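The values are calculated or read from the model by the stated rules, or taken from the named source; none is laboratory data. Here the structure is a predicted model, which means the values were calculated and not measured. So basically every Cβ, Gly included, is an ideal-geometry build from the backbone, and we count neighbours across all protein chains shown.
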Amino acid sequence: MISGISAGYLRRLGISDPGTPSAEALFALQRAHLERIPYENIDIQLGRPPGIDPELSARRIAAGRGGYCFHLNGAFAALLESLGYEVTRHVGGVYEDLDAREVNGNHMALVVRVDGTPYFVDAGLGDGPYDPLPLLEGSYEQGEFGYRMEPLTGPDGPGWSLQSAGGPFPVTNFRAAPSVIADFEAEHLRLSTAEDSSFVRTLTLLRRDAEGIDLLRGRVLTRIDGAKGPSETELTGAEEFYDAIATVFGRELDDLTADDRAALWTKVTRAHEAWLTEQAAKA
């Protein structure tokens, strides 16, 4: 990745001098990424999914956009490499089932080595660890959030499994073998275009900070505080909706035309009303 892209990327992160590769600098870069670059699928919702070429993703991030794991971790890996870090990409998968041992390919995980020590680094889970985790078996506490890293043995070969409580997908598995961007292209096409894909069906934005997680799913804005638990707010109007996207999640909106905004609000509202009907039927 060329220096000009790195410079714009770093400005978005609020980092003027990333320094030489070190564990301390790596931690600062991941924290800034999680706080400032949202996990989001706005363009997928509008039917124009961006590709996952890392240079394209980095340009989009520098311009105020976000993305999902293939965009975010793909770009972050390229940025780290441009700064001198040793990075490998790994085919991963996220699961609701705590007993999942397979790797379905719907996630990209990163391993970054600093002074010979490998770290699990992830800017693309949305609700994942705030700090990188040592790639060593054990339990780790980050504020009110707890994580467990375990070696993975299963049908897809050796790897690692990250387990966390409280999120919609408490298990993240990934293979030990390194991969390249091309290994994620087919799954990206499916996730960003298939009618049954959650990215196509539901607007989702996430942002992580030291105390908790902000989540927008459809028109429901949730704050997940590690100490206090979740609190929900229903966004009732388009102005409130777009204000939350811009201020809570830091997603610039200058790429959205008036027609884009109207179309997205209409789609989100229809999905929200269908969800309310479904919830009422269950009551």
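Brief remarks on what is shown
- Here Gly51 meets each of (1) crowded, with 18+ Cβ neighbours inside 10 Å; (2) under 19 Å from Tyr39 (Cα atoms); (3) at pLDDT 95 or above with one exception, condition (1).
- Checking Val111 against (1) surrounded by fewer than 20 Cβ atoms within 10 Å (Cβ to Cβ); (2) in contact with a Pro (Cβ under 8 Å, 6 or more places away or on another chain); (3) within 20 Å of Phe76 (Cβ to Cβ), the condition it does not meet: (1)
- Residues in segment 224-240 that are among the small types (Gly, Ala, Ser) and part of a strand (DSSP E or B) were compared, and the one that is modelled with the lowest pLDDT is Gly229.
- Scanning segment 241-253 for residues that are part of a helix (DSSP H, G or I) and buried (at least 16 other Cβ atoms within 10 Å of the Cβ) returns Phe241, Tyr242, Ala244, Ile245.
- Within segment 191-223, the residues that satisfy the criterion of being hydrophobic (A, V, I, L, M, F, W, C), closer than 30 Å to Gln142 by Cα and not in a strand (DSSP E or B) are Phe199, Leu203, Ala210.
- Per the listing Leu98, Leu79, Leu34, the residue uniquely at pLDDT below 95 and hydrophobic (A, V, I, L, M, F, W, C) is Leu98.
- Hits in segment 236-245 - residues which are over 17 Å from the mean Cα position of the chain (by Cα) and not charged (D, E, K, R): Thr236, Gly237, Ala238, Phe241, Tyr242, Ala244
- Of residues in segment 254-283 being without any contact (Cβ under 8 Å) to a residue 40 or more places away in the chain and outside any helix (DSSP H, G or I), the one nearest to Gly143 (Cα to Cα): Ala283
- Selection status of Ala7, within 20 Å of the chain's Cα centre (by Cα), part of a helix (DSSP H, G or I) and among the small types (Gly, Ala, Ser): no
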